[in-house]
Structures are given as structure tokens and as C-alpha cells.
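Each remark here refers to the structure printed beneath this line.
The values are calculated or read from the model by the stated rules, or taken from the named source; none is laboratory data. The shown structure was predicted, so the numbers you read here are calculated from the model rather than taken from an experiment. Glycine also receives a Cβ, built like all others from the backbone with ideal geometry; neighbour counts cover every protein chain displayed. Note: accessible area is taken over every heavy atom of the protein model, side chains too, but ligands, DNA and RNA are not part of it. Shrake-Rupley method; radii C 1.70, N 1.55, O 1.52, S 1.80 Å.
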Amino acid sequence: VTADNTSNNDTACERIESILHRHKIYSFNTTRHRLPCLAHVVNLAVVTVMSGFTQLANVENATSIWEFDPS
């Protein structure tokens with residue numbers, strides 16, 4: 001199992017598939033059982049969550065500016 005880049009994951013899946021097929025085990029399909037790059041998946045999730053927080057903070061700041069009363 002690899003977790004550092006897509007090329008290594010592709011190579012690992014193809015190798016697993018060829019070994020299993022050689023032993024007449026046909027339940028492993030490279031395209032269906034691809035191993036995603038874990039670090040990339042986590043990064044995408046963090047970026048999505050953080051963008052939601054950033055948008056919320058921007059709305060609150062804009063509201064505060066427009067509702068500011070110096071008196």
C-alpha cells in the first residue's frame with residue numbers, strides 16, 4: 001500500500017491485480033479498487049471545511065462594518 005502519489009498507487013493496483021489473476025482470483029478490479037492518495041483526500045477535505053469558515057467570517061466582518069455606529 002502506498003500513499004505518496006498516484007503513479008505508485010496505479011503501479012501497486014496493477015501489480016495486485018496481475019498477481020490475483022495469475023492465481024485465478026478475478027474479484028479485484030484495478031479501476032474499481034484504486035487506492036486514493038490519503039494525503040490528497042485529507043487536504044481536499046480540510047480546504048473545503050476551511051473555505052466555509054472563511055466565507056462565514058467574511059460575512060460577519062462585512063456586517064460589522066456596515067452596522068458600525070461611531071456614536
Response to the item:
Rounded to whole angstroms and listed largest first, the alpha-carbon spread of the stretch 9-51 along its three principal axes comes to 47, 16, 10
Worksheet item: If Leu20, Leu44 are ordered by their accessible area, calculated over protein heavy atoms with a 1.4 Å probe, which sequence runs from highest to lowest?
Response: Leu44, Leu20
Worksheet item: Taking the Cα-to-Cβ direction at His33 and at Ser7 and moving 7 Å from each Cα, how far apart do the two end points lie in nm?
Response: 2.5
